[in-house]
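Engineer: Pasting a structure here, questions to come.
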Amino acid sequence: MTDFIHKVTTCDEGLEIKDIMRNHFDFSSRLRNKIKREKLVMLNGKQTQGWIKPKIGDVIKITLPEETSNFEPQNIPIYPIFEDNDLLIINKQPGLIVHPTKGHPSGTVANALAYYMQQTKQLFKIRFVNRLDMDTSGLLVIAKNAYCQNDYTNQMKAGTVKKCYTAIVRGLIESNSGTIDLPIGRPDPENVRRGVMKNGSPSITHYKVIKRFPRMGYTLTELVLETGRTHQIRVHMSHIGHPILGDWLYGGDNVHLMERQALHAARLSFIHPITKEKLHLKAPLPPDMIEALKKLS
């Protein structure tokens with residue numbers, strides 16, 4: 001469990017504990033209410049109420065509530081890149097959907113995490129703060145509490161989370177770098193496919209060429225998202241004539257090289273919600289992308 005500790009100063013003089021909490025801790029109103037209901041605020045080691053006015057030098061401790069998820073544990077490999085009491089970042093393998101759906105009620109990352117928690121004797125509610133398509137591999141962030149989920153979401157809204165992808169795309173991209181600034185929408189509500197649309201949501205993708213493969217006509221690229229629309233990279237690259245290798249939905253399929261889209265969430269940087277440390281995380285390329293690059297060379 002994560003604790004938040006604050007020593008009362010002259011700046012807090014005359015304030016009630018609930019107001020001090022608002023001033024010093026960025027809890028959502030939902031989380032504050034849960035903390036209140038479960039009586040998780042302590043003053044100098046004793047349970048207290050929000051209306052109490054503490055004295056200078058008093059110590060307020062707030063404990064986040066315990067929560068759990070009820071997914072069926074399944075023995076599916078998990079590859080942690082970073083883990084502490086508040087966050088778990090894994091390198092998701094391709095072919096796994098993140099969260100159970102009607103079409104995929106089991107065999108998901110959530111089921112794998114439930115098993116992982118059993119094995120590591122942990123107890124937390126699984127909170128995915130970013131999503132990856134089933135056939136996209138790479139860095140997936142799981143918050144172990146509501147505070148970290150909310151903080152990461154706010155960082156994404158503020159544009160301080162940096163996400164970098166590696167992709168193999170069809171064709172030889174002429175310019176060494178560029179920006180695609182085109183709105184993305186869903187032409188047909190009954191179809192999962194997205195597209196560039198006038199009335200779509202603003203979407204910006206920056207790309208940089210890492211290596212060209214003239215013999216086979218493909219390009220290894222690095223892509224940085226400024227926005228996070230569904231299928232954004234896949235839609236943008238297809239729209240400019242360079243669909244991602246293996247992406248049958250957007251015209252890049254080539255089963256002889258890859259049976260899924262060659263897209264990997266390779267790097268991620270953000271501020272740790274609790275420690276405030278800047279995290280820079282990397283996930284190695286999966287074997288199928290490495291093998292595809294060997295065939296292209």
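Read the figures in this text as sums done on the coordinates, not as results from a lab. None of the values given here were measured: they were computed from a predicted structure. Virtual Cβ from ideal backbone geometry, glycine too; neighbours counted across all protein chains shown.
Engineer: Which residues does the label zone of GLN122 cover in region 270-289, counting backbone N under 20 Å from a point 7 Å along Cα→Cβ?
Structural biologist: 270-284
Engineer: Taking each pair of different alpha-carbon atoms in region 182-297 once, compute 1/r for the pair, average those values, and report the inverse of that mean as the Kirkwood hydrodynamic radius in Å to one decimal. Don't jump to the answer; show the numbers that get you there.
Structural biologist: Working: mean 1/r = 0.0634 Å⁻¹.
It works out to 15.8 Å.
Engineer: Rounded to whole Å, give me the distance from the Cα center of region 152-171 to that of region 3-50.
Structural biologist: Using only Cα atoms, the two centres lie 34 Å from each other.
Engineer: So which trypsin sites (Lys or Arg not before Pro) in region 206-297 pass both tests, a DSSP loop state and at most 10 other Cβ atoms within 10 Å of the Cβ? It would help to have the intermediate numbers written out before the result.
Structural biologist: Working: sites: LYS208, LYS211, ARG212, ARG215, ARG229, ARG234, ARG260, ARG267, LYS276, LYS278, LYS282, LYS294, LYS295; in loops: ARG215, ARG229, ARG260, LYS276.
Qualifying residues, ordered by number: ARG215, LYS276.
Engineer: Taking the Cα centre of each part, how many Å lie between region 202-236 and region 96-149?
Structural biologist: Region 202-236 and region 96-149 have Cα centres spaced 26 Å from each other.
Engineer: Neighbouring Cβ atoms within 10 Å as the yardstick, rank CYS148, CYS11 fewest first. Could you put the intermediate results ahead of the total?
Structural biologist: Working: CYS148 22, CYS11 10.
Sorted ascending by nearby Cβ count, the order is CYS11, CYS148.
Engineer: If you don't mind, there's one more thing I want to ask. So for region 1-111, what percent of the C-alpha to C-alpha distances run longer than 25 Å? Could the numbers behind the result be given before it?
Structural biologist: Values: 2674 of 6105 pairs.
Counting pairs separated by more than 25 Å, the tail of P(r) holds 44 percent.
Engineer: Next question, about the same structure. GNM on the chain, C-alpha springs below 10 Å: top fluctuator among ASN191, ASN91, ASN176?
Structural biologist: ASN191
Engineer: Averaging sequence separations of C-alpha pairs under 8 Å and six or more residues apart, then dividing by the length of the chain, give the relative contact order as a whole percent.
Structural biologist: On the way: 620 pairs, mean separation 42.3, N = 297.
Over the chain, the number comes to 14 percent.
Engineer: Any number yet on Rg/Rh for region 153-224, C-alpha, Kirkwood?
Structural biologist: Rounded to two decimals, Rg over Rh is 1.05.
Engineer: Grab the Cα-Cα distance for THR227 and THR9, subtract it from 0.36 nm times how many residues apart they are, and report the gain in nm with one decimal. Please list the in-between numbers first.
Structural biologist: Values: separation 218, 0.36 × 218 = 78.48 nm, distance 4.01 nm.
So the chain would gain 74.5 nm between THR227 and THR9.
Engineer: Okay, moving on. If each of HIS24 and LYS278 carries a label point 7 Å out from its Cα toward its Cβ, how far apart are those two points in nm?
Structural biologist: 2.7 nm
Engineer: Suppose each label sits 7 Å from its Cα in the direction of the beta carbon; what would the ASN191-ASP84 distance come out to in nanometres?
Structural biologist: Modelled inter-label distance: 4.6 nm.
Engineer: Treat region 3-63 as a sphere of radius equal to its Kirkwood radius over Cα pairs and apply Stokes-Einstein at 37 °C in a medium of 0.692 mPa s; give the translational diffusion coefficient in µm²/s, rounded to a whole number.
Structural biologist: Values: Rh = 11.4 Å.
Result for D is 289 µm²/s.
Engineer: Right, another one. Under a GNM of the chain (C-alpha, springs under 10 Å), which listed residue has the highest mean-square fluctuation: PHE25, PHE270, PHE82?
Structural biologist: Of PHE25, PHE270, PHE82, the most mobile in the Gaussian network model is PHE25.
Engineer: A further question on this structure: Would you grab the residues whose amide H sits under 5 Å from the one on PHE71? Only those 5+ places off in sequence or on another chain, please, with H modelled 1.01 Å from N.
Structural biologist: The list, which skips near neighbours in sequence, is empty: none.
Engineer: Under a 10 Å cutoff between Cα atoms, tell me which one of GLU226, GLU66, GLU190 has the largest fluctuation in the Gaussian network model of the chain.
Structural biologist: Largest GNM mean-square fluctuation: GLU190.
Engineer: Rounded to the nearest 5, what % of the DSSP beta bridges within the chain are antiparallel ones? Working shown, then result.
Structural biologist: Values: 58 of 60 bridges.
Roughly 95 percent of the DSSP beta bridges within the chain come out antiparallel.
Engineer: Could I ask something else about it? Could you line up MET289, MET197, MET117 from fewest to most neighbouring Cβ atoms inside 10 Å? Display every interim value, and only then the final one.
Structural biologist: Working: MET289 25, MET197 14, MET117 20.
Least to most surrounded, the residues fall as MET197, MET117, MET289.
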